[in-house]
Amino acid sequence: ISRALFADVSVLLDYYSRFNPSPLSIKKFLDFGQKGCERQSYAFLRKELPVRLANIMKEFSLLPAPLLHMPSVMTVQNWYLRSFEEILTFEKIRIDDKKTLENFCETLIKIRNRHSNVVQTMARGVIELKDTETIHAQTEHSIQYFLHRFYLNRISIRMLINQHAALFGADLPGHPRHIGTIDPNCDVTSVVQDAYDNAKFLCDQYYMRSPELIVETFNVDKSGGPISIVYVPSHLYHMAFELLKNAMRAVVEQHSDSDEFPPIKLLLVKGREDLSIKISDMGGGISRSLTENLFHYMYSTAPKPQTDSQTAPLAGYGYGLPLSRLYARYLQGDLMVASVEGYGTDAIIYLKVLSNEANEVLPVFNKTSSKHYRTHVGSHDYSTGGTTVNQFSQPFPI
Ligand SMILES: O=S(=O)(c1ccc(O)cc1O)N1Cc2ccccc2C1
């Protein structure tokens, strides 16, 4: 980028990163989709998208220098810079005639396509870093912290673009009753069943057999009808598919020499506040010390050659679990894994039942977030008798 242009862009980055992103609830998305118009969406997005882009782009510069200078990370940064500039060209335009609205929508779709491989490209950047140098605790913490926020920010930007393109753009029309990517009556049981059918298909292809699924549902409002919420079916599908794949793999590998598998149990309960989906497998489980690694982005997406079956079953887990948890957290839900080593694992998805409570959760660039890139994760404030790391970072002479 030419020097003058670069100076100009960094001024704009500073300006837009000073605004906090404006979270929308799934109810607001729904109401706007049913009665909002393209001009209003345009007026909102041409400010909100630069704000969300600038907030995460400022955080890029806080990344540990070694990662920041990895070729793949530089590539992703350039995609963000170009997209940021392209949207800003609409901030200067006064008129919002039909042609401008069309150009805006085309620009959003071009940006969505440019960023389609961001997850893989960033993953490659982390692997490039791992292959060039050892990663210290602080660096690992900063990378984990950044990637959670970076992917959450990306989910939110793609949600805004997808809604605008689906409602006003040339995107293929989805379900007639869907509002953009949102289903006002998302039938959770049928989405989860779809996820199981597809995971089963893959499992049968790879292992020649697969465990059955037993579904139990409870609806506290006793309506007796299907359990449904206002939600984004593609997000729910992504989460359920990931957890069912993990459960199937665990059961098949744990019971490889027996001729029948313990079934995977899925409990679906719609409470007053939470809709919970618990997926229980008897796949042998995982120790507590390894459970936290399940959500680390450090594990390469290309699985390491498994030396023996004793090595952690999580290597090569790719980003499926951490990204699935971000989809849940994006609209104030959550995803948890509770394992009983030697027996099996429960994985639970929590979603908000009330659409006005399902607000976007958006990372904000400020002093608090910047602190996370500086604090020293090494000093502990608990002693466990093992190698207590003290401020001298050497074990006490015992
Ligand atoms: O770590 S797990 O307990 C496990 C983790 C997440 C999940 O959703 C379900 C799970 O079951 N598990 C994954 C796996 C793969 C191969 C062999 C054995 C195991 C055990």
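Each reported figure results from applying straightforward, stated rules to the coordinates on display, with no laboratory input. On a predicted model such as this, the values are computed, not experimentally measured, just so you know. Positions of Cβ are generated from backbone atoms using ideal geometry, with glycine treated the same way; all protein chains shown enter the neighbour counts.
Which value, in Å³ per residue, describes the convex hull spanned by the Cα atoms of the chain? Please report the intermediate quantities before stating the final value.
Values: hull volume 70.6 nm³, N = 398.
Dividing the Cα hull volume of the chain by its residue count gives 177 Å³.
Placing one identical point scatterer on every Cα of segment 135-212 and ignoring solvent, what is log10 I(q)/I(0) from the Debye formula at q = 0.15, 0.18, 0.22, 0.28 Å⁻¹?
-0.87, -0.91, -0.94, -1.16
Would you kindly calculate the translational diffusion coefficient of segment 88-130, applying Stokes-Einstein with the Kirkwood radius from alpha carbon pairs, for 10 °C and a viscosity of 1.306 mPa s, and quote it in µm² s⁻¹ without decimals?
In µm²/s, the coefficient is 126.
Ignoring solvent entirely, what values of log10 I(q)/I(0) come out of the Debye formula for segment 60-215 at 0.13, 0.20 Å⁻¹ when each Cα is a single scatterer?
Cα-only, vacuum Debye calculation for segment 60-215: -0.90, -1.16.
Label 7 Å along Cα→Cβ of Ser223; segment 24-38 residues with amide nitrogen under 16 Å?
The answer is 27, whose backbone nitrogens lie closer than 16 Å to the label point.
Compute the distance from the alpha-carbon center of segment 319-355 to that of segment 60-79, in whole Å.
Cα centroid to Cα centroid, the span is 29 Å.
Pop out the Kirkwood hydrodynamic radius of segment 35-109 from its pairwise C-alpha distances, inverse of mean 1/r, in Å to one decimal.
Hydrodynamic radius (Kirkwood, Cα only) of segment 35-109 equals 13.8 Å.
With a cut-off of at most 10 other beta carbons within 10 Å, and DSSP calling the residue loop, which trypsin sites (Lys or Arg not before Pro) in segment 350-384 qualify? Please list them. Each step should come with its number before you reach the end.
On the way: sites: Lys352, Lys367, Lys371, Arg374; in loops: Arg374.
Filter output for segment 350-384: Arg374.
Count neighbours as other Cβ atoms within 10 Å of each site's Cβ, and list the trypsin sites (Lys or Arg not before Pro) in segment 51-144 that are DSSP loop with at most 13 such neighbours.
Arg94
Sticking with the crude label model, points 7 Å out along Cα→Cβ, report the distance from Ser370 to Leu172 in nm, one decimal please.
In this crude label model, Ser370 to Leu172 measures out at 4.6 nm.
Taking springs between alpha-carbon atoms closer than 10 angstrom, which of Pro176, Pro184, Pro66 fluctuates most in the Gaussian network model of the chain?
Pro176
How big is the shadow of the Cα convex hull of segment 8-142, averaged over all directions, in nm²?
Result: a mean projected hull area of 9.7 nm².
Test of understanding: what is the full-extension gain from Tyr382 to Trp79, defined as 0.36 nm times their sequence separation minus their Cα-Cα distance? Spell out each step's value before the answer.
Details: separation 303, 0.36 × 303 = 109.08 nm, distance 4.31 nm.
So the chain would gain 104.8 nm between Tyr382 and Trp79.
Tell me which lysines have Cα within less than 26 Å of Lys278's Cα, excluding those fewer than 8 residues away on the same chain?
Output for Lys278: Lys27, Lys200, Lys222, Lys245, Lys265, Lys270, Lys352.
Given N residues in segment 102-183, what is Rg(Cα) / (2.2 N^0.38 Å)?
Working it through for segment 102-183, the quotient is 1.46.
If exposed means no more than 15 neighbouring beta carbons inside 10 Å and the site is in a DSSP loop, what's the longest run of the chain without any exposed GluC sites (Glu not before Pro)?
Result, exposed sites excluded: 1-132.
Want the number for Cys37 to Asn356: 0.36 nm per residue separation, take away the alpha-carbon distance, what's left?
Length gained, Cys37 through Asn356: 112.8 nm.
Which of the chymotrypsin sites (Phe, Trp or Tyr not before Pro) across segment 314-370 are loop residues per DSSP, with 16 or fewer other Cβ within 10 Å? All intermediate terms of the calculation are to be shown ahead of the outcome.
Numbers: sites: Tyr317, Tyr319, Tyr327, Tyr330, Tyr343, Tyr350, Phe365; in loops: Tyr317, Tyr319, Tyr343, Phe365.
Hits after loop and neighbour filter: Tyr343.
Kindly state, to the nearest 0.05, the FRET efficiency for Asn185 paired with Asp257, given R0 = 56 Å and r defined as their beta-carbon distance.
0.80
Give, in nm to one decimal, the length gained when the segment between Tyr207 and Ser61 is fully stretched (0.36 nm per residue of separation minus the Cα-Cα distance). Write down the numbers at each step before the final one.
Working: separation 146, 0.36 × 146 = 52.56 nm, distance 4.48 nm.
Stretched fully, the Tyr207-Ser61 segment lengthens by 48.1 nm.
Based on the Kirkwood radius over alpha-carbon pairs, what is the Stokes-Einstein translational diffusion coefficient of segment 211-305 at 37 °C with 0.692 mPa s viscosity, in µm²/s?
209 µm²/s
Bin all alpha-carbon pair distances of segment 169-256 at 10 Å intervals from 0 and give each bin's fraction as a whole percent.
15, 38, 29, 15, 2
Estimate the FRET efficiency between Arg94 and Asn293 by the formula 1/(1 + (r/R0)^6), using the beta-carbon distance for r and 45 Å for R0, to the nearest 0.05. Provide the component values of the computation, followed by the final result.
Details: r = 53 Å, r/R0 = 1.17.
Given R0 = 45 Å and the Cβ-Cβ separation, E is 0.30.
Explain nothing, just the number: dipole magnitude of segment 1-119 about its Cα centre with +1 on each Lys and Arg Cβ and -1 on each Asp and Glu Cβ, in debye rounded to the nearest 20.
The dipole magnitude comes to about 180 debye.
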